[in-house]
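Remarks on the structure that follows.
Every number here is computed from the coordinates shown, using simple stated rules; none is lab data. Because the structure is predicted, anything quoted here is derived from the model rather than measured.
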Amino acid sequence: MSEEATTFTRSDATILHRAGRTFVLSLSALALAAGVGAVTGPAGASSKASMVIAKETDFHIALSKKSFSAGKYTFVALNKGHVTHSLEITGPGLSSPRTKNIAPGQRTDLTVKLKRGRYDVFCPVPGHKALGMNLNITVAG
Ligand SMILES: [Cu+2]
């Protein structure tokens, strides 16, 4: 009887000890991540993509960003419409990257490197561009 009680207490302590260890490990992992961030942050300011929300509806595209300077951007294409949409970008330095088809309510990211110049952001689903899912952005140097 008393032996069982001791065993129980011991394993309980082991769990607590393990939990403590996991916690310490998580903290050092966080510190490591923060350290890496601090190193790449200032130096890699231009290599880090800025996020742009591209809200797609039937049949319109609205961007969360109005002015662009050269750099890397991740277009987050959100389909807020009722039919399938997609997002394609054409312009200097790009070979017409596009997302896969995006079902209503879904999102897909498209990361591109924009240079100085004029770009076309549109929905490549047949007919949608002509219906109004088309806009141009000008990227400053
Ligand atoms: Cu569309």
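List of remarks:
- Kirkwood analysis of the Cα pair distances in the range 50-140 returns a hydrodynamic radius of 12.8 Å.
- Cross-link pairs exceeding 21 Å between alpha carbons, from the set LYS48/LYS129; LYS55/LYS100; LYS66/LYS100; LYS55/LYS129; LYS80/LYS113; LYS48/LYS80: LYS48/LYS129; LYS66/LYS100; LYS80/LYS113; LYS48/LYS80.
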